[in-house]
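Mind having a look at this structure? Questions to follow.
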Amino acid sequence: MVYGYICSNAERRIITTFCKQNGMSVNKWISGKLPGTLQKDDILVCLEISRLGRNLPVVVSVLRACVEKGVRVWSVGDNYRLGEMLSLKTFLFYEKR
């Protein structure tokens, strides 16, 4: 299942276009806290990784939860593919600060 994480309607349009260009469509839109229903092999598409939380420790904890569940996180603006191109180890050193 493909989830689109948005904070505004402009982000919805950008993510929709991105998904179409990559041969997929958003099944469910999320705003705010991520649902506990995310499962292995789901894809969470966001405009930028930084939009997943108010500060870096929150973003890292969201990414950690996704990786532990096997959820792939795709970022449109940053062009990250966490779970495919990047590992969580890239971000972990921030969590200790």
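With the requirement that a residue be without any contact (Cβ under 8 Å) to a residue 12 or more places away in the chain and either closer than 16 Å to GLY32 by Cβ or in contact with a strand residue (DSSP E or B) (Cβ under 9 Å, 6 or more places away or on another chain) (or both), what does segment 60-82 give you?
ARG81
Output the residues belonging to segment 40-61 that are assigned to a loop (DSSP other than H, G, I, E, B) and under 13 Å from the mean Cα position of the chain (by Cα).
Hits for segment 40-61 are ASP41, ASP42, LEU47, GLU48, GLY53.
A follow-up question, please. Does segment 5-26 hold any residues that are more than 13 Å from the chain's Cα centre (by Cα) and surrounded by fewer than 16 Cβ atoms within 10 Å (Cβ to Cβ), and which are they?
Once the filter is applied, which keeps residues that are more than 13 Å from the chain's Cα centre (by Cα) and surrounded by fewer than 16 Cβ atoms within 10 Å (Cβ to Cβ), segment 5-26 yields SER8, ASN9, ALA10, ARG13, THR17, LYS20, GLN21, ASN22, GLY23, MET24, SER25.
Another question about this same structure. Could you pull out the residue among SER75, SER31 that is surrounded by fewer than 13 Cβ atoms within 10 Å (Cβ to Cβ), under 18 Å from MET1 (Cα atoms) and not charged (D, E, K, R)?
From the options SER75, SER31, the qualifying one is SER31.
Quick check: is even one residue across segment 77-94 in a helix (DSSP H, G or I), modelled with pLDDT of 85 or more and touching an Asp or Glu at 6+ places or on another chain (Cβ under 9 Å)?
No: segment 77-94 contains no residue that is in a helix (DSSP H, G or I), modelled with pLDDT of 85 or more and touching an Asp or Glu at 6+ places or on another chain (Cβ under 9 Å).
Now for a different question. Restricting to segment 7-55, count the residues that are touching a strand residue (DSSP E or B) at 6+ places or on another chain (Cβ under 6 Å) and more than 19 Å from GLY83 (Cα to Cα).
4
The values are calculated or read from the model by the stated rules, or taken from the named source; none is laboratory data. Remember, it's a predicted structure, so these values are computed and weren't measured experimentally. When we count neighbours, we look across all protein chains shown, and the Cβ atoms used for this are built from the backbone with ideal geometry, even at glycine.
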